[in-house]
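Some notes on the structure that comes next.
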């Protein structure tokens, strides 16, 4: 039956390849007959056969497990469904634990007037064995809230599993079954992945055990705004694949299948996997302590745009722009200031703002870490003592989306005045000017009355007179960078002065 399915798929692939080859050349129409044979098209690319995955699958599939979970819910009588077979239960059983059932009337409550607790199927996921004595890695969302976890091996053996530890931030969970001499998967290195490399996914989509799909790496370090960067592939992944391994051609795990990007709820060609290197950092802590400890430095950060980088003289648009520093926090004690751009942390390069929370988070608390910042046109190195994230806190480095003498800075469209001493004390600042009115270029840059300008083009603003002198010297048509303080946030804002 499998051969019948594979054969037409193979034929379709070959036909598609031929079609693409023909589509690459456009020839003028010359009738059905051709007197002179067409010259062969030169090519420098050798045609190679598609890889055969059979040996890889045979060596790895026995270490991939099916995970079925149960949960305790409030029981309600429901017409047309027996115990354990409510609409929610059936939806979750077939579509996985992360499926959100439709809301609506579920029928009357129990005649006793209250809800009875009962255990119902919660969903299906996947996982893989990482040690012979039964440690299994999966996604947090596969086992989160489960009252019972059943692990089924590829040979049909079933075990009850217990949760060793979970981490919602990375969506990683470590569970364990009581067994010995189990098959395991070899852990690879996700840092060696490259676009275009072949990878496999093994799991239980829609509860279909030991399903194998393949594809290529579409992108690495895909930033979706979450804590970790993802491996993006075009491997078919569906509900139930969550927690299963992404495997390279050496039979090594390079990722954990976690999410899909879809408009339909099903696979649409974009799958996201957690890099195994990041996952193992979490698993090692879960195995030793049952929890994950992360560092924090107490800053709020934002993106460095091309305009801001150019205006403040930063060689390239990279790093994390500090918009606020927690008073008395690690960064504050180290001398970090609002308006700094953090370019390196503890030896790791901060290429984009989202790199910083990960670099800080994976640093052990109480570690003295060097931190490089771009400030006033030059790099400076500070030393920060990393603190531990308090229980319940969500961020290592928070992310932000980005009456006296008055003076006019017409070229920027600003009317400013001295900052009242009471406001300086409240904001913990010295100098600066308070924006009284905006128009023109400043209005277009979204500067508002009440903003405080702390610096202009890497020069600290001391008072109204000095600010006006700096504005007068600005080059025509070249964007200027204003360091703006608004409430508790500080941000560089590019403004192009009028000619």
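We did not get these values from a lab; they are worked out from the coordinates using the rules stated. In this text the structure is predicted, and so the values were computed from the model without any measurement. Positions of Cβ are generated from backbone atoms using ideal geometry, with glycine treated the same way; all protein chains shown enter the neighbour counts.
Descriptive notes on the structure:
- If you take the alpha carbon atoms of the stretch 187-289 and fit the smallest convex hull around them, that volume is 103 Å³ per residue.
- Estimated FRET transfer efficiency when R0 is 41 angstrom, pair residue 410-residue 351 (beta carbons, to 0.05): 0.60
- The fewest-to-most ranking of 55, 369 by surrounding Cβ atoms within 10 Å reads 55, 369.
- Here each label is just a point 7 Å from Cα along the line to Cβ, and for residue 195 and residue 317 those points are 1.8 nm apart.
- Full-stretch length increase - residue 293, residue 280 - with 0.36 nm per residue and alpha-carbon distance subtracted: 3.3 nm
- Extents of the stretch 295-399, taken as max minus min of Cα coordinates on every principal axis and listed largest first, are 39, 24, 22 Å.
- When you work out D = kT/(6 pi eta Rh) for the stretch 111-250 at 20 °C and 1.002 mPa s, using the Kirkwood radius from C-alpha pairs as Rh and the Stokes-Einstein form, the result is 130 µm²/s.
- Ranking of 340, 189, 355 by neighbouring Cβ atoms within 10 Å, starting from the fewest: 189, 355, 340.
- Rg(Cα) / (2.2 N^0.38 Å) computed for the stretch 406-495, rounded to two decimals: 0.96
- The simple spin-label model puts a point 7 Å past each Cα toward its Cβ; for residue 378 and residue 489 those points are separated by 3.2 nm.
- Computed over the stretch 295-399, relative contact order equals 34 percent, with contacts defined as Cα pairs under 8 Å that lie 6+ residues apart.
- Taking the average, over residues, of other Cβ atoms within 10 Å as the packing measure, peptides 463-473, 244-254, 449-459, 434-444 rank 244-254, 449-459, 434-444, 463-473 from highest down.
- Label-to-label distance, residue 303 versus residue 475, with points set 7 angstrom from Cα along the beta-carbon direction: 2.6 nm.
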